[in-house]
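Undergrad: One structure, pasted below without further comment.
The values are calculated or read from the model by the stated rules, or taken from the named source; none is laboratory data. All values derive from a computational prediction rather than experimental measurement. FYI the Cβ positions are ideal-geometry reconstructions off the backbone, even for glycines, and counts take in every protein chain you see. Surface accessibility is based on the protein's heavy atoms, side chains included, excluding ligands, DNA and RNA. Shrake-Rupley method; radii C 1.70, N 1.55, O 1.52, S 1.80 Å.
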Amino acid sequence: MGRKKKNKPPTLRSDLAILTKLNLNTFVVLTNFFGFLLGSRYLHDGDWIFDGWLLFHTILGTACTAFGSAAFNQLMEIEEDARMERTADRPLPARRMIPVNAFGIGWALAAFGIIHLAIKVNPSSAYLAAAALGTYVFLYTPLKRTSSTNTLMGGIPGAIPPMIGWAAAGGNVFDERSWFLFAVLFLWQMPHFIAINWLCREEYEDAGYVMWANGDVSGKFSSRLSVLFSWAIAALGPFAYLRGYCDLTFAIGGTLAGIYMVILAMKFGKAGDRPAARKLFLYTLLYLPIGLTLLAVSWNSLTQ
Ligand code: HEM
Ligand SMILES: CC(C)=CCC/C(C)=C/CC/C(C)=C/COP(=O)(O)OP(=O)(O)O
């Protein structure tokens, strides 16, 4: 997310990509897309045909809201970001962008995103996007300075985008399947972040953040937590199958993909070193497209 190696001189374009956390939010859009796909398949006899324009408006609105929320998050953490090597070269701490400009960009993007969803998609998708922005900016971001529960709270905005997609496709937000999508993303974020958190723990400590990995030199605590959440991820396969959400493809494939995460989390605990933690982090990034694709091909429709 931040630029660590200064291979190329920063440009306005690269600074905007950092301010909006383009890489991370590309994945957010991916989960949004899968939510839409699963909602459409569920409501339309398992058909792969869906409304392309509705999908376009959903992705545009969600992406802009997420980009705007990233700018607000960075506006609130200028001093902390300046103290961490990973984030020191972001445009605000590096003073290449003045806060008022970032504020304007954040406002314009977030307001456009939410209003666009409300007008072009539906009110529930707009409410969900506003809830994601609110929990990210007003709950998670300030909590990083005071409580390690911040990671659980950060899981909330990260898990809402697939629900936005589901609701945009016409799915009921309160349907158990919509909450299942929330659970997939919520659980996934834990090993994903625990690995990064451990890798950057000294920086987080120096910046004054209260995180799970603070003081965990051996990595044992971080590993135990990631093993626990990875087992929960593996259990999503049988759970979805038994609830009738999907067929055996995700039941088996999703479970195996989750078990591999358990193995990597255990190996990280044994080795307690950076390569093992990095492997776990990279695998979490791989799991997401694999797990969501398996879920999409496996997904049952309302009439099945
Ligand atoms: C509790 C929630 C989350 C936290 C605290 C978190 C934190 C982070 C951090 C600190 C990095 C940067 C690693 C680095 O600079 O080397 C990162 C990378 C990444 N995260 Fe997350 N993340 C969370 C949720 C998500 C979600 C919901 C997604 C998307 C679905 C996501 C996708 C990514 C991707 C694609 C990267 C790698 C790209 C990059 O480093 O720019 N994360 N995450
Ligand atoms: C529609 C909408 C608003 C979606 C929001 C999706 C979203 C951005 C989720 C946030 C996930 C998260 C807590 C990332 C870590 O941020 P961090 O700020 O701790 O990372 P950093 O240390 O790199 O700044």
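Undergrad: Please work out which one of (1) over 30 Å from residue 247 (Cβ atoms); (2) within 14 Å of ligand 1 (Cβ to nearest atom); (3) aromatic (Phe, Trp, Tyr) is the condition residue 34 fails and give its number.
TA: It is condition (1) that residue 34 fails.
Undergrad: Go through (1) open to solvent by 30 Å² or more (accessible area, probe 1.4 Å); (2) touching a Phe, Trp or Tyr at 6+ places or on another chain (Cβ under 6 Å); (3) away from ligand 2 (no atom under 12 Å from the Cβ); (4) closer than 18 Å to residue 28 by Cβ one by one and return the number of the condition residue 169 breaks.
TA: Among (1) open to solvent by 30 Å² or more (accessible area, probe 1.4 Å); (2) touching a Phe, Trp or Tyr at 6+ places or on another chain (Cβ under 6 Å); (3) away from ligand 2 (no atom under 12 Å from the Cβ); (4) closer than 18 Å to residue 28 by Cβ, residue 169 violates only (1).
Undergrad: Still on this model: If you go through region 275-304, how many residues are open to solvent by 40 Å² or more (accessible area, probe 1.4 Å) and within 12 Å of ligand 1 (Cβ to nearest atom)?
TA: The qualifying residues number 6.
Undergrad: Looking at 233, 252 in this structure, which one is open to solvent by 30 Å² or more (accessible area, probe 1.4 Å), β-branched (Val, Ile, Thr) and modelled with pLDDT of 95 or more? I'd like the intermediate steps shown before the answer.
TA: Details: 233 fails: open to solvent by 30 Å² or more (accessible area, probe 1.4 Å).
It is 252.
Undergrad: Which of the helices (runs of 4 or more DSSP H) found entirely inside region 1-89 contain at least 1 residues meeting this: modelled with pLDDT of 95 or more, more than 19 Å from residue 140 (Cβ to Cβ) and open to solvent by less than 30 Å² (accessible area, probe 1.4 Å)?
TA: 12-19, 22-43, 52-75
Undergrad: So which residues in region 112-153 are within 18 Å of residue 66 (Cα to Cα), within 12 Å of ligand 2 (Cβ to nearest atom) and of a type in the set (A, V, I, L, M), if there are any at all?
TA: 114, 117, 126, 128, 129, 130, 131, 132, 133, 137, 139, 153
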